[in-house]
Amino acid sequence: MQSFQLYEHAATVPVTSYNAQEWQRGYESVKQEYDYWIDDVEGEIPADLNGTLFRNGPGLLDINGQRIHHPFDGDGMIAKIAFKDGRAHFSNRFVRTKGYQEEQAAGRILYRGVFGTQKPGGWLANAFDLRQKNIANTNVIYWGDKLLALWEAAEPYRLDPYTLETLGLEYLDGVLEPGDAFSAHPRIDGKTGRLVNFSIKPGLSSTITIYEFDPSGKLLTKHAHSVPGFAFIHDFAITPNYCIFFQNPVTFNPLPFVLGLRGAAECIKFNSNKPTQIVIIPRNPKQPMQLREIQAGFVFHHANAFEQGDKIYLDSICYESLPSVEPESDYRQTDFEALSPGQLWRFEIDLNRSQAPAREPGGRSQAPAREPGVQRQMLESRCCEFPWVNPTKVGQPYRYLYMGAAHAPSGNAPLQAIVKLDLNSGSRQLWSAAPKGYVSEPVFVPRPETENEDDGWLLTLVYDSAQHRSYLAILDARDLNRAPVARLHLKHHVPYGLHGSFTPDWFGSLRSQ
């Protein structure tokens, strides 16, 4: 699997393919809310591409000039591109959370951010203020006739899919209680259409709660499981019978946060001398949970998982460690070359082989020299993130995987390309927007009534640093060696976002038809 053949679209771009100052401008706030038909189009929008792309991410990187400490603390802004009859309509709107409205009215920062944003006034102004601002900035899905903006530490916000107006907190017909968390990484089973999601209640012993809904939004199962230790988990994967989590080897010291000295995420420490734990929770709540230990590493995102016989295969973006977030740091000054890249690994988990944790003298756990029941293999050494598969293959054996990637084949760098991996043949293709373009997560949209796994389009929002504008690239998912089928140039830029989704339902602006 490591001897992939490479076909690159932009081989003439130099290896050092980005300019740090140009990349930084993609983090400028967008404070205007737009509503217009996209008329600046290169190429042609496919006639049978109909539906709506929703994307979420931090749209405000400052409050009235007061800069937030980390983009993950920025207020959520939904961007929407609706396709119909070969045309496309753009609109964006901020999620009117309680905290957003309060801070906009006050014209200043009123809430501490999880990733280090502090209220003005130093530690005295922040000490013992443990209030949490729901920023609704991580993902957006249309599910069960509801458009939901998601942030993993709180309830979803429901929006009007046509106008993007904020309708209020959503408790999923009583499934959630006020203050309940609901992950920003739900998975929709590619075979049954069921939505599976989770929440984490961290502590000395952490609780993972699994939710499973039918396609109409009705709750089917809800079950909770206790895992030892502090759980910092952003994503998970599903198979027909299991939910799989990576419990990253971190510890949390809340004292600096309580005293107003640091944000909560700045109090998390990665422990390279402790193993990463694989948590395998059956979707059938009557069956027992299983644990496996592997060599220490850190995972934000999983690509996909599937079962074959008594084995689970899990493909994940892995890092050597979790870079610490420092109180005096500036995320715009990221030294990419000093950081290890995310790379794609496959984990083969034998459910029939149990593993006893290795122990040091005195009983303290350590990473085992061997990993009984778990084999691993690197699939992609290029810096990569934001994996996406054909939605019909979620939880199923699959062939094609799409990811944001660095332009250069080695080292760490901003994401400027989209890579396609053929996991059967070992080939890969790469389309690059370098040196001036910076890509977002690729969203795969299947072509209607097709049976071929890679027959569809990839939609990725690209920041064009030369124009300080963004464009949507529509790529033919079958052949990334081709130039984009179309580039839809917006009138402005959209700050670097996080996650999004596509629905075949058309939700263009009613007032602009």
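Bear in mind that the values in this text are calculations on the coordinates, not laboratory data. Keep in mind that what you see is a predicted model, and the values were worked out from it rather than measured. Backbone-built Cβ (ideal geometry, glycine too); neighbour counts: all protein chains shown.
Values as computed for the structure displayed
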quantity: Computed P(r) (all Cα pairs; the chain; 20 Å bins; percent); calculated: 22, 60, 17, 0
quantity: Under 24 Å from the Cα of Lys84 - lysines, other chains or at least 8 residues apart; calculated: Lys146, Lys491
quantity: Cα→Cβ-extended label distance, 7 Å offset, between Gln101 and Leu169, nm; calculated: 1.3 nm
quantity: Summed side-chain charge close to Arg487 - residues other than Arg487 whose Cβ falls under 12 Å, Lys, Arg +1, Asp, Glu -1; calculated: -3
quantity: Fully extended contour minus Cα-Cα distance, from Gln375 to Lys222, at 0.36 nm per residue; calculated: 52.0 nm
quantity: Calculated FRET efficiency for the pair Met289/Asp48, C-beta based, R₀ 41 Å, to 0.05; calculated: 0.40
quantity: Percent RCO, i.e. relative contact order, over the chain, from Cα pairs under 8 Å lying at least 6 residues apart; calculated: 18 percent
quantity: For Leu61, net neighbour charge (Lys/Arg +1, Asp/Glu -1) across residues whose Cβ lies under 14 Å away; calculated: -2
quantity: Contour excess over end-to-end distance, with Cα ends at Ser205 and Arg482 and 0.36 nm allotted per residue; calculated: 94.7 nm
quantity: Two-site label geometry, Asn241 and Asp505: point separation in nm, points 7 Å out along Cα→Cβ; calculated: 3.5 nm
quantity: Segment Glu451-Lys146, length gained on full extension (0.36 nm per residue, minus Cα span); calculated: 107.0 nm
quantity: Set of lysines with alpha-carbon distance to Lys393 below 20 Å, sequence-local pairs under 8 removed; calculated: Lys191, Lys311, Lys420
quantity: Ordering of 177-189, 385-397, 406-418, 27-39 by burial proxy (mean other Cβ atoms within 10 Å per residue, highest first); calculated: 406-418, 385-397, 177-189, 27-39
quantity: Only Lys, Arg (+1) and Asp, Glu (-1) charged, at Cβ; the stretch 44-113 dipole about Cα centre in debye; calculated: 180 debye
quantity: 222 nm mean residue ellipticity, helices alone, for the chain (DSSP H n ≥ 4; -39,500 (n - 2.57); rounded to 500); calculated: -1000 deg cm²/dmol
